[in-house]
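First up is the structure itself, then whatever we jot down about it.
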Amino acid sequence: MLKNKYILDPWSIIENKFDSTKMIDSESIFSLGNGKIGQRGNFEEDFSNNKTIGNYISGIYFRDKTKVGWWKKGYPEYFAKMVNCPNWNKIRISINNQLLDLNKCKILSFKRELNMKEGWCERKALVLTNNSIKIEIQSKKFISLKRVNIGAINYKIKVFDDNVNINVFPCIDINVRNNDSNWNEPFLQTIDSISKNNLSIVNSKVINSEFQISTFFKSTYSLNNKKVDIKYLESNDENLIGSSSVFSLNKDDELTIFKVGGYINSNDSRKKDFNNIIEKECENALKTGFIDLCKENTDEWKKIWDDSDIIINGDVKSQQAIRFNIFHLNQTFNGNDSSLNIGPKGFTGEKYGGVTYWDTEAYCIPFYLGTKDSTVAKNLLNQRYDQLKNAIKNAEKIGLNHGAALYPMVTVNGEECHNEWEITFEEIHRNAAIAQAIKKYVTTTGNYKFLENKGIKILIAISRFWQQRVNYSQLINKYVILGVTGPNEYENNVDNNWYTNYSAKWCLEFTIKQLSEIAKRKNIDKEIVFKNNNINIQEIANWKKIINNIHLPYSKDLNVFIQNDGFLNKDLQPIDNIKSDERPINQNWSWDKILRSPYIKQADVLQGFYFFENDFSKSELESNFNYYEQFTVHESSLSACIHSILASRMNKIEKAYEYYIRASRLDLDDYNKEIKQGLHITSMGGSWMSIIEGFAGVRIFKEKLYINTNIPKNWDSYSFKLNIKNRKISVLINKHETKIELLLGEKIDIVLNNQETTIYPKTIKIN
């Protein structure tokens, strides 16, 4: 178990040590966002050490040219990257004509707190400048959940000497670049800028796209808690847009800068007069004042926590971790804008381009289904439906036809936009995750109309993809799927990845079943359903042939499904044989060595046991779990949570707990030594799943809610709320009993710890 990097606290992440070399890590941890805009936890002042200044807007991207060999026909033309926007947070400070650079000062004391309950980040530092002036800095900031275009900063400087001249320069820094540019070129072009007294605006255009961004801020000043009128000085720095002011302070004087800023972009519905909108929004926020703005935001967070909190008693480490995960999930995506989706790093870093992966369907939709109104998950699936035409075009790039759809591995608008072939056209299992999400959404909400009107069209298109992607092998008299990458990305271009093959089989079966169910619900012949969906009996017959004859690699000797045809040819040494200084292997080994090794980046065969649990016995699960666990290095953020859930299913609760800790504290404890790149937002949904679907055993099977509870030995109790089938239930689990209360909705039938029961409104069931 790793040492805690941050102080353990149930509601806060607290850092009380200043290490200039580690601040880039903390920038990720202390990130803020509201689902639309967000920022890394950068200092407002200058800081000349290693850092990543990051401010981002969801849905705004740059088409970065891909680097690829000409011969790969069908390769995406661009890699979508979210844009690092001008930094409105910056406050340049000079003390007695000496620039305040925290990297060059002596930090006498330091504390930073991310308060997850109330949604703000506060920093206090006692500083001795390099010209020997002692000052105290206090900064408190947040991104508004209610006023979605803005954030606010309350920045204070207290001096401990007389006759201290301070030049304060709140500004917009336009000298920003994306770290992950393929060609090291800028993503933004400044159109114009305005700086008039305390209001500054920078209008920018995303190069090679239609997106426009207005970055803005407005500020006021107070001295010793009294508002002051000041004289503004022109800036002579072309990269810093704003106006500075000079103050002469004496001992114990405290200067406060209240800064409101943010972004409006061309995706907003209000497109016409940006400058007028900005001025009104800033004026209104400044008039409200920082304290009331902060309270307003806290009230919004209270609503979120009322529905999504998981309360764990007895284990602060677990409690802090799950709230950290829930907090960042809600900062990244809240469902308020149906056009947006979830990036794997959210607003915390640029890796993966900030665009949509299969992670959304596999790891995030369960969280939003359980904690939000059902329209949030429906909107995410509606996006996939709206992008079906692009998915069909994507399949056409590799020669498939007849409406076959390959959903992009990486997308921002429905087009594939990644820069690795093994990702874009080999990792085809992502189709199955979308089908799984449709199933989970329909069974959780009971919204069969979505399935009948939209979901079935997605399922048919995916099934047509699988039908054409298989080959019939005369050698083994089976259908095979060649040249794929499974969830384990440490194996590329393999034949018959078991998870991919089984997913194809399941998708075909599920689609056929849903066509029949639609006919039953509507009381019509299946032929009518077929006709309405442009499908015929022969096509169904072809699907059934594949279902009954697909190759699923299996070893009788090992009593396990084999990950792919070549897996057993490897030198099957368990992970204990890897030297500790070679972990993680993706940072220490050549790609060739990794590909030839037996080591598994994330759950692969076991991902199938998670998705298709009812297809396999407990003994089959145990056999496959025990075999593949010894080779799994968990260097994907999507791995430990799956292992935790499966361990719970096997009643190996302490093993499940170990994996839960790894999943939920992946970033807080930096297990994979990559936190500087940003947080693993989509895996955070997996941490939630490891409690709800793992320890609590929540699932829906044959229209019925099942809850099969377990509790780790060092937890006294845990509780949560859950939205399911238009009801809201509250669940409390301790070592002796389980209490379930129906908070909203009509009575619900539950199988609770293998006992069938019915729970009525405003009653509590104890088991």
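The values are calculated or read from the model by the stated rules, or taken from the named source; none is laboratory data. If you're wondering where the values come from, they're calculated on a predicted model, not measured in any experiment. Positions of Cβ are generated from backbone atoms using ideal geometry, with glycine treated the same way; all protein chains shown enter the neighbour counts.
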Being surrounded by 12 or more Cβ atoms within 10 Å (Cβ to Cβ) and in contact (Cβ under 8 Å) with a residue 60 or more places away in the chain narrows it down to one of Lys704, Lys721, Lys765, so name that one. Lys721
How many residues are within 19 Å of Asn614 (Cα to Cα), surrounded by fewer than 17 Cβ atoms within 10 Å (Cβ to Cβ) and of a type in the set (S, T, N, Q) if we restrict to the stretch 510-554? 1
Among the residues of the stretch 252-301, count how many are among the acidic types (Asp, Glu), within 19 Å of Ile143 (Cβ to Cβ) and surrounded by 14 or more Cβ atoms within 10 Å (Cβ to Cβ). 4
(1) at positive phi; (2) modelled with pLDDT under 95; (3) not β-branched (Val, Ile, Thr) all hold for Lys231 apart from (1)
Among all residue pairs at least 6 apart or on different chains, which show Cβ distances below 7 Å where the first residue, located in the stretch 499-523, is in contact (Cβ under 8 Å) with a residue 60 or more places away in the chain and among the aliphatic types (A, V, I, L, M) and the second is buried (at least 24 other Cβ atoms within 10 Å of the Cβ) and part of a helix (DSSP H, G or I)? Ala504/Trp466
Residue check: is Tyr407 surrounded by 22 or more Cβ atoms within 10 Å (Cβ to Cβ) and either in a helix (DSSP H, G or I) or not aliphatic (A, V, I, L, M) (or both)? yes
Hits in the stretch 643-677 - residues which are in contact with a Leu (Cβ under 6 Å, 6 or more places away or on another chain) and closer than 18 Å to Asp359 by Cα: Asp667
So, in the stretch 744-762, exactly how many residues are surrounded by fewer than 14 Cβ atoms within 10 Å (Cβ to Cβ) and either under 31 Å from the mean Cα position of the chain (by Cα) or more than 26 Å from Asn447 (Cβ to Cβ) (or both)? 3
Exactly one of Phe160, Phe187, Phe211, Phe142 is farther than 25 Å from Gly59 by Cβ and in contact (Cβ under 8 Å) with a residue 40 or more places away in the chain, and that residue is Phe160
Which one of the conditions (1) in contact with a helix residue (DSSP H, G or I) (Cβ under 9 Å, 6 or more places away or on another chain); (2) touching a residue at least 24 places away in the same chain (Cβ under 8 Å); (3) over 18 Å from Phe367 (Cα atoms); (4) surrounded by fewer than 24 Cβ atoms within 10 Å (Cβ to Cβ) does Tyr657 fail to meet, given that it meets all the rest? (4)
Any chance Leu340 is buried (at least 23 other Cβ atoms within 10 Å of the Cβ), under 14 Å from the mean Cα position of the chain (by Cα) and within 25 Å of Arg430 (Cβ to Cβ): no
Phe695 on the phi < 0 side of the Ramachandran plot, in contact with a Ser or Thr (Cβ under 7 Å, 6 or more places away or on another chain), touching a residue at least 12 places away in the same chain (Cβ under 8 Å) and surrounded by 15 or more Cβ atoms within 10 Å (Cβ to Cβ): yes
For Asn496, indicate whether it is part of a loop (DSSP other than H, G, I, E, B) and touching a Pro at 6+ places or on another chain (Cβ under 9 Å). yes
As an exercise: evaluate Ser687 against (1) out of contact with any Ser or Thr (no Cβ under 7 Å at 6 or more places or on another chain); (2) under 27 Å from Ser636 (Cα atoms) and give the number of the one condition it does not meet. (1)
Name the one entry in Val698, Val731 that is under 24 Å from Asn614 (Cβ atoms), out of contact with any helix residue (DSSP H, G or I) (no Cβ under 6 Å at 6 or more places or on another chain) and modelled with pLDDT of 95 or more. Val731
Residue check: is Ile311 β-branched (Val, Ile, Thr), over 30 Å from Leu223 (Cβ atoms) and either exposed (fewer than 15 other Cβ atoms within 10 Å of the Cβ) or touching a residue at least 40 places away in the same chain (Cβ under 8 Å) (or both)? yes
Test Tyr263 against the stated conditions and say whether it is in contact (Cβ under 8 Å) with a residue 12 or more places away in the chain, under 22 Å from Asn175 (Cα atoms), in the same structural domain as Asn87 (by TED's automatic domain parsing) and among the aromatic types (Phe, Trp, Tyr). yes
For the stretch 117-132, enumerate the residues that are touching a strand residue (DSSP E or B) at 6+ places or on another chain (Cβ under 7 Å) and part of a loop (DSSP other than H, G, I, E, B). Gly119, Thr129, Asn130, Asn131
Are there strands (runs of 3 or more DSSP E) fully within the stretch 1-106 with at least 1 residues that are within 23 Å of Val355 (Cα to Cα)? List them. 37-39, 55-57, 61-65, 78-82
What is the number of the single condition among (1) in contact with a Ser or Thr (Cβ under 8 Å, 6 or more places away or on another chain); (2) part of a loop (DSSP other than H, G, I, E, B); (3) at pLDDT 95 or above that Leu114 does not meet? (2)
Within the stretch 386-403, considering residues that are outside any helix (DSSP H, G or I) and either without any contact (Cβ under 8 Å) to a residue 40 or more places away in the chain or surrounded by 24 or more Cβ atoms within 10 Å (Cβ to Cβ) (or both), the one farthest from the chain's Cα centre (by Cα): Gly399
Confirm whether Ser719 is in contact with a strand residue (DSSP E or B) (Cβ under 6 Å, 6 or more places away or on another chain), within 30 Å of Thr348 (Cα to Cα), in a strand (DSSP E or B) and of a type outside the set (Lys, Arg). yes
Criterion first (buried (at least 17 other Cβ atoms within 10 Å of the Cβ) and among the polar types (S, T, N, Q)) does Ser219 satisfy it? yes
Looking at (1) of a type in the set (Val, Ile, Thr); (2) in contact with a Leu (Cβ under 6 Å, 6 or more places away or on another chain); (3) farther than 22 Å from Lys505 by Cα, which is the one condition that is false for Ile547? (3)
Of the conditions (1) part of a helix (DSSP H, G or I); (2) out of contact with any helix residue (DSSP H, G or I) (no Cβ under 6 Å at 6 or more places or on another chain); (3) at pLDDT 95 or above, Thr424 satisfies every one except a single condition; which number is it? (3)
Could you list, in sequence order, the residues of the stretch 196-255 that are closer than 17 Å to Phe290 by Cα and small (Gly, Ala, Ser)? Ser219, Ser222
Which residue pairs have Cβ atoms closer than 8 Å, lie 6 or more positions apart in sequence or on different chains, and pair a first residue in the stretch 37-56 that is under 10 Å from Cys85 (Cα atoms) with a second residue that is among the basic types (Lys, Arg) and assigned to a loop (DSSP other than H, G, I, E, B)? Ile53/Arg40; Gly54/Arg40; Asn55/Arg40
